[in-house]
Amino acid sequence: MLRLNLKPIFKARGIDKPHAFLVKAGFTAHSAHIIVNSHLKVVKLQHMEILCEKLNCEPNDLLLWTPDDNNSFATSHPLYNLRETRNASTTTLRNMPYKQLKELTSKLSDEQKESEP
């Protein structure tokens, strides 16, 4: 089953009020409610584009695939790239000594400045 998986992205972006964020991004209150509460059955490409623009990501970042019991895909199938994986980065950052965290932040900031046009 393929579905939107926005909670980790909202969390990573520091968005504590996803509904308000989506409404501000241009979604109707009703659409925002459906998206936030994972009741989405159909995704409009226009909505995917808005989400990617506002969350600074690509469509694959928004999707999560969970194989069902009847799945006959080979494990080399591209959908397996969309499976949920334990992301150790948050835990690593939380446990990293402050000095190392400051150095990492500085390096990332320098790289971002270099890549800007």
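The values are calculated or read from the model by the stated rules, or taken from the named source; none is laboratory data. Computed from a predicted structure; not experimentally measured. As a convention, Cβ positions derive from the backbone with ideal geometry for all residues, glycine included, and neighbour counts pool all protein chains shown.
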Kindly indicate whether any position in segment 101-116 is part of a loop (DSSP other than H, G, I, E, B) and at pLDDT below 80. yes
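Here's the yes/no breakdown for (1) polar (S, T, N, Q); (2) farther than 24 Å from Asn81 by Cβ; (3) touching a Lys or Arg at 6+ places or on another chain (Cβ under 9 Å):
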| position | (1), (2), (3) |
| --- | --- |
| Asp16 | no, yes, no |
| Leu22 | no, yes, yes |
| Thr28 | yes, yes, no |
| Ser38 | yes, no, yes |
| Lys44 | no, no, no |
| Met48 | no, no, no |
| Leu51 | no, no, no |
| Leu55 | no, no, yes |
| Pro59 | no, no, no |
Out of the residues in segment 57-85 meeting the condition of being of a type outside the set (Gly, Ala, Ser) and loosely packed, with under 10 Cβ neighbours inside 10 Å, tell me which one is farthest from Ala12 (Cα to Cα). Asn70
Can you tell me which residue in segment 14-28 is surrounded by the fewest Cβ atoms within 10 Å (Cβ to Cβ), limited to those that are of a type outside the set (Val, Ile, Thr) and assigned to a loop (DSSP other than H, G, I, E, B)? Gly14
Just the residues that are of a type in the set (A, V, I, L, M) and over 21 Å from Lys24 (Cβ atoms), please, taken from segment 52-70. Leu63, Leu64
The correct count of residues that are touching a strand residue (DSSP E or B) at 6+ places or on another chain (Cβ under 8 Å) and in a loop (DSSP other than H, G, I, E, B) in segment 63-79 is 1
